[in-house]
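Trainee: Questions regarding the structure given below will be posed in turn.
Nothing in this text is a laboratory measurement; each read-out follows from the coordinates by a stated rule. Source: prediction; values computed, not measured. No Cβ is skipped: glycine too gets one built from the backbone with ideal geometry, and neighbour counts run over all protein chains shown.
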Amino acid sequence: MRPPPQHPRRHVHEDAELLVATARRAAEEAGVTVSVTVLDAGGHLLAFRRDDRAVLISGETSTRKAYTALQLNTPTADLVDAVQPGGLFHTLPTALDRPLLFIAGGVPVHRDGRLIGAVGVGGGAPEQDHGFATAAVRALA
């Protein structure tokens, strides 16, 4: 008989819900209304929540931020300068069919050194959104 695993694995949807709940809680504590998107490693939607008081566009921005962080495996906060004129990814925002968004608030999610998805937050100032997304990823670790 095998001993039980040291760290039982949560189901992927439980992880997604934890990411959403943590980001929303952090935003709520800061008095900010947000939308939160969680994508799996293939870019498929796992979870989405929009505070009913959040600006409508926050739903789209949270999703695009998550997608951008996933595709480039980098927090979107670290990519803002890369799309400026002369930057490494200057033409990337318009080069693809799927829209990327180079505004802070998207963070890739890793497990055991592997990219497993991303979380995106929209609705606050970019630095706030980045902080909420980062808090969510830390809670998952």
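Trainee: Loop by DSSP (not H, G, I, E, B), at most 13 other beta-carbon atoms within 10 Å: where is the longest site-free stretch of the chain for trypsin sites (Lys or Arg not before Pro)?
Mentor: The answer is 54-141.
Trainee: Could you give me the ³J(HN,Hα) list for the range 117-133, computed from phi with Karplus coefficients 6.51, -1.76, 1.60 and θ = phi - 60°, whole Hz, x at Gly and Pro?
Mentor: x, 7, 10, x, 10, x, x, x, 5, x, 5, 5, 4, 4, x, 5, 5
Trainee: Could you work out the helix-only [θ] at 222 nm for the chain, with each DSSP H run of four or more residues adding -39,500 (n - 2.57) and the total divided by the number of residues, to the nearest 500 deg cm²/dmol?
Mentor: Value at 222 nm, helices only: -12000 deg cm²/dmol.
Trainee: May I pose another question? Taking amide H atoms as placed 1.01 Å from N in the peptide plane, list the residues 5 or more away in sequence, or in a different chain, whose amide H sits under 5 Å from that of Val109.
Mentor: Ile116, Gly117, Ala118, Val119
Trainee: Enumerate by residue number the chymotrypsin sites (Phe, Trp or Tyr not before Pro) in the range 49-138 meeting two conditions: DSSP loop (anything except H, G, I, E, B), and at most 16 other Cβ atoms within 10 Å of the site's Cβ.
Mentor: Answer in residue order: Phe89.
Trainee: Further question on the same structure: Provide the per-residue ³J(HN,Hα) series for the range 49-63, in order, calculated from phi with Karplus coefficients 6.51, -1.76, 1.60 and θ = phi - 60°, each as a whole number of Hz, with x at glycine and proline positions.
Mentor: 9, 10, 4, 5, 9, 6, 4, 4, 5, 4, x, 5, 5, 5, 5
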